[in-house]
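Trainee: Please see the structure below; I have some questions.
Read-outs throughout are calculated quantities, based only on the coordinates presented, and are distinct from any laboratory measurement. Just so it is clear, the model here is predicted, and its values are computed rather than measured. Here Cβ is always computed from backbone atoms with ideal geometry, including for glycine, and neighbour counts include all displayed protein chains.
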Amino acid sequence: MKTRVTTLFGIEKPIVQAGMIWCSGWELASAVSNAGGLGMIGSGSMYPDVLQDQLQKCNAATDKPFAVNLPLLYPQVEEHIQHIIDAGVPIVFTSAGNPATHCQRFKAAGIKVVHVVSSTKFALKAQAAGCDAVVAEGFEAGGHNGREETTTLCLVPRVAEVLDIPVIAAGGIYNGATMLAALAMGAEAVQVGSRFVASVESSAHQAFKQKVISTQEGDTLLTLKEITPVRLIKNEFYQRVAQAYERGASKEELAQLLGRGRAKKGMFEGDLVEGELEIGQASAHLEEILPAAEIIDRMMRDCVAGSQRLFSMAHTTK
Ligand code: NDP
């Protein structure tokens with residue numbers, strides 16, 4: 001399949017694996033890239049020396065392009081940028097910050113820049129900053145998310161309509177049918193998170209992967225908007241957050257309740273009670289932990305089959 005995004009990245013299939021903290025190390029990123037998609041290292045949960053090590057391992061495990069997700073609010077962002085440039089990473093996805101801050105620096109180093117947005121307004125800003133593409137991420141997505149709760153179905157067509165640069169759709173995309181829907185809305189690739197959390201190569205704790213595939217519809221909610229909006233599984237920690245809201249807790253109290261390192265505790269160390277369990281609504285539809293290559297093969301096969309079905313529906317009159 002060829003789109004402006006596959007051409008931009010030099011990949012075969014328009015499937016991007018999201019750079020999720022604690023889940024997206026070199027094993028997942030290289031497996032996705034080797035299968036023809038774009039793998040991505042999630043640098044937000046890595047100290048600079050950890051990222052450097054992960055980049056070396058990823059470079060050794062694949063000769064295909066891969067990317068790094070760089071949250072711009074990360075405390076040691078300068079060191080991360082230097083490691084990314086030194087390792088010859090060809091593509092960077094920036095998030096959680098102003099895309100203009102580092103865009104031209106990456107471009108001067110020959111690196112393609114994609115920014116993650118949750119609104120049309122920020123998509124236009126990313127384009128004006130010189131980004132090569134945007135990820136338009138809807139409300140269904142896991143982890144950190146937009147405050148305005150714009151769904152993928154409402155966000156992607158609008159962003160694709162007003163932007164000249166290509167759009168990668170994210171939020172609720174986990175199989176061939178949802179991929180086809182995103183492409184039909186004007187996206188030229190999809191970014192997939194939750195489906196890859198529950199993959200063999202994901203660095204998430206096994207207990208978290210099992211929790212993800214047992215999650216049912218309605219089991220996640222977007223919360224903590226006053227701090228950083230985040231979609232979580234409604235575990236015991238989440239219930240305490242909900243109780244705090246009920247008694248009218250202040251932003252400071254919420255921040256104190258959250259504390260530090262809860263995402264690591266939940267997703268990496270497998271503490272399903274006290275950890276932050278960040279996952280998208282799509283988790284409700286996942287039933288098995290699969291190898292990354294199989295996830296990609298199934299998505300591609302079912303996307304193409306779905307498009308053929310629609311084509312024949314459109315051309316059948318009797
Ligand atoms: P916390 O502040 O709760 O925890 C920080 C965690 O990141 C710790 O577990 C720590 O590991 C680890 N870490 C890695 N590198 C560093 C560093 N240089 N300084 C401090 N801690 C570091 O943050 P969260 O778990 O909520 O978020 C983790 C990261 O996710 C953030 O650092 C941020 O970069 C990123 N983020 C991304 C967003 C996005 O992309 N949209 C939005 C919000 C956050 P250890 O326990 O081993 O010390």
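Trainee: Excluding Q281 itself, calculate the net charge of residues whose Cβ lies under 13 Å from the Cβ of Q281, where each Lys or Arg counts +1 and each Asp or Glu counts -1.
Mentor: Here the charged neighbours net out to -3.
Trainee: Loop only by DSSP, 15 or fewer other Cβ within 10 Å of the Cβ. Give me the trypsin sites (Lys or Arg not before Pro) in the stretch 230-262 that pass, ordered by residue number.
Mentor: Passing sites in the stretch 230-262 are R247, R260.
Trainee: Only helical DSSP H runs with n ≥ 4 go in: add -39500 (n - 2.57) per run for the chain, normalise by residue count and round the 222 nm mean residue ellipticity to 500 deg cm²/dmol.
Mentor: Value at 222 nm, helices only, nearest 500: -12000 deg cm²/dmol.
Trainee: Sticking with this structure for a sec: Which of Q127, C23, V116 sits farthest toward the positive end of the charge dipole of the chain, with +1 on the Cβ of Lys and Arg and -1 on the Cβ of Asp and Glu?
Mentor: Highest projection toward the positive end goes to Q127.
Trainee: If I stretch the segment between A109 and E269 completely, what's the gain in nm (0.36 nm per residue apart, minus their alpha carbon distance), one decimal?
Mentor: Length gained between A109 and E269: 54.0 nm.
Trainee: Just tell me which lysines come within less than 20 Å, Cα to Cα, of K112; anything on the same chain fewer than 8 places away is out.
Mentor: K2, K13, K64, K125
Trainee: Please report how many Lys pairs in the stretch 206-282 have alpha carbons closer than 15 angstrom, counting only residues at least 8 apart along the chain or sitting on separate chains.
Mentor: 5
Trainee: Can I ask one more? FRET efficiency for C154 and K57, Cβ-Cβ distance as r, R0 = 45 Å, nearest 0.05?
Mentor: FRET efficiency, C154 to K57: 0.70.
Trainee: Using a Gaussian network model of the chain whose springs link C-alpha atoms within less than 10 Å, name the residue from G193, G110, G42 with the highest mean-square fluctuation.
Mentor: Maximum fluctuation in the GNM of the chain, among the listed residues, is at G110.
Trainee: Let me ask you something else. Which value, in debye to the nearest 20, gives the size of the charge dipole of the chain about its Cα centre, when Lys and Arg are +1 and Asp and Glu are -1 at the Cβ?
Mentor: 660 debye
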